[in-house]
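Taken together, the values in this text are just the output of simple stated rules run on the coordinates, not laboratory data. Keep in mind that what you see is a predicted model, and the values were worked out from it rather than measured. Cβ placement follows ideal geometry from the backbone for every residue including glycine, while neighbour counts extend to all protein chains displayed.
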Amino acid sequence: MKSPLLSLPGAVPAEGVDEGVAAHYGDLFREQRALADGTGFVDLSHRGVLTVTGDDRLSWLHLLLTQHVSDLPTGQATEALILSANGHIEHALYLVDDGTTVWAHVEPGSQEALIAYLESMKFFYRVEVADRTADTAVVHLPAGSIAQAPDSAVVRETPYGRDLFLPRDRLEAFAAEAGPAAGILAHEALRVEQHRPRLGFETDHRTIPHELGWIGTAVHLQKGCYRGQETVARVHNLGKPPRRLVFLHLDGSEVHLPPNGAEIRLADDGPDGRKIGFVTTSVRHHELGPVALALVKRNVPVDARLMAEETAAAQETVVEP
């Protein structure tokens, strides 16, 4: 979905998975500072949107998701995962129930595969799943924003701000009222600062929730059976995940950021040392400078000096070893 807000002054289109919205509007750090101060908004209208309606919607989703949602209060935001049979992360959903409908936004382009899976699991439950991406846009208001959500929007309020499910034909009018707009790069910089993982960035084909700190926020440990639960319970009760998420402070003298996927090695082992992890998201932060999230082997010492390709990096613990 190509956003009409790409016509705003200074808009530079994003690339890759975030194609369709603006990377920035001409001043990345100004946009970050505005969001950190609780002003402006972020156009996330490229994200997939789906709804689940019907009397059984919450009890049915409870059987499929990692989160406890059978008694989800109206208006309470939550997030949840769908796992493979082996416990690997396949989908991440950001949910709210408005009293009659569960609304969820997901990674751009992932909604079709997710809806196909949900349709295959309907059986005799009284539920209807719909792809609402074509008529509904997601926008994000940062924490502290005093902007009013339109009456036509469904609001998902979190500690990091409010996600609005907005009729797509209201997007330009909303932008005119709620500006200034901030690009996806500013949103990503704050996400990295907050140590929040993102599907397809901090995950690969073998990622389990424990590695990213998604236990508790997206995975409920005291609920009934769902696909992949055996792995979740076994690792939680009997072992440790093979990798862990870390926050990296990168050497600010380097001109280029290490790209996503950049190999990480122990600094003391030199450039020929064995790979111990990889960068998942790297950004330039308006206060912290160049920083990144990365996945490293669990047994990497928490005080070890690291190298992300040619860039020196100091780590902060996100997931305990």
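If eta is 1.567 mPa s and T is 4 °C, what Stokes-Einstein diffusion coefficient results for the stretch 187-304, Kirkwood Rh from Cα pairs, in µm²/s?
For the chosen part, D equals 83 µm²/s.
Compute and list, largest first, the equivalent-ellipsoid semi-axes of the stretch 37-177 from the alpha carbon gyration tensor, each √(5λ) rounded to a whole angstrom.
26, 15, 15
Would you mind checking which residues have amide H under 5 Å from residue 133's amide H? H placed 1.01 Å from N; only 5 or more apart, or other chain.
49
In nm, give the distance between the simple-model label positions of residue 71 and residue 217, each being 7 Å from the Cα along the Cα-to-Cβ direction.
Here the answer is 2.5 nm between the modelled labels.
Tell me the relative contact order for the chain as a rounded percent, counting alpha carbon contacts under 8 Å between residues six or more apart.
Dividing the mean separation by the residue count of the chain yields 19 percent.
Count the DSSP beta bridges whose two residues both fall in the chain, then state the antiparallel fraction as a percent rounded to the nearest 5.
The answer is about 95 percent antiparallel.
Please give the per residue volume of the convex hull enclosing the alpha carbon atoms of the chain, rounded to a whole number of Å³.
128 Å³
On the Cα set of the stretch 209-255, report Rg and Dmax in Å, please.
15.3, 50
Divide, for the stretch 1-41, the radius of gyration over alpha carbons by 2.2 N^0.38 Å, where N is the residue count.
Rg over 2.2 N^0.38 Å, computed on Cα atoms: 1.18.
Could you tell me which of rounded, prolate or oblate describes the stretch 75-155, using a ≥ b ≥ c as the square roots of the eigenvalues of the alpha-carbon gyration tensor, with rounded for a/c under 1.5 and, failing that, prolate when a/b is larger than b/c and oblate otherwise?
Prolate shape, in that a/c is at least 1.5 and a/b is the bigger ratio.
Mean residue ellipticity at 222 nm from the helices of the chain, using -39,500 (n - 2.57) per DSSP H segment of n ≥ 4 over the full residue count, to the nearest 500 deg cm²/dmol?
-5000 deg cm²/dmol
Loop sites only, by DSSP: take the chymotrypsin sites (Phe, Trp or Tyr not before Pro) in the chain that have at most 12 other C-beta atoms within 10 Å and name the longest stretch containing none of them.
My reading of the result: 125-321 is the longest stretch.
In the stretch 231-321, which GluC sites (Glu not before Pro) fall in coil by DSSP and have 11 or fewer other Cβ atoms within 10 Å?
287, 310
Calculated FRET efficiency, residue 112 and residue 253, Cβ-Cβ r, R0 41 Å, to nearest 0.05?
Once the sixth-power term is evaluated, E becomes 0.40.
Taking θ as phi - 60°, what are the ³J(HN,Hα) couplings along the stretch 225-237 by the Karplus curve (6.51, -1.76, 1.60), each to the nearest whole Hz, with x for Gly and Pro?
Coupling constants for the stretch 225-237: 5, 8, 4, x, 5, 4, 5, 4, 5, 5, 5, 5, 8 Hz.
Taking 7 Å along the Cα-to-C-beta vector as the label spot, tell me the residue 33-residue 122 distance in nanometres, rounded to one decimal.
Going by the 7 Å Cα→Cβ label model, 5.2 nm.
Apply the Karplus parameterisation 6.51 cos²θ - 1.76 cosθ + 1.60, with θ equal to phi minus 60°, to every residue of the stretch 17-28 and state each ³J(HN,Hα) to the nearest whole Hz, in sequence, with x for glycine and proline.
Ordered by residue, 3J(HN,Hα) equals 5, 8, 4, x, 10, 7, 5, 7, 10, x, 8, 4 Hz.
Apply the Karplus parameterisation 6.51 cos²θ - 1.76 cosθ + 1.60, with θ equal to phi minus 60°, to every residue of the stretch 162-179 and state each ³J(HN,Hα) to the nearest whole Hz, in sequence, with x for glycine and proline.
Each residue's phi maps through the Karplus curve to give 10, 9, 10, 8, 10, x, 4, 6, 9, 5, 5, 5, 4, 4, 5, 8, 9, x Hz.
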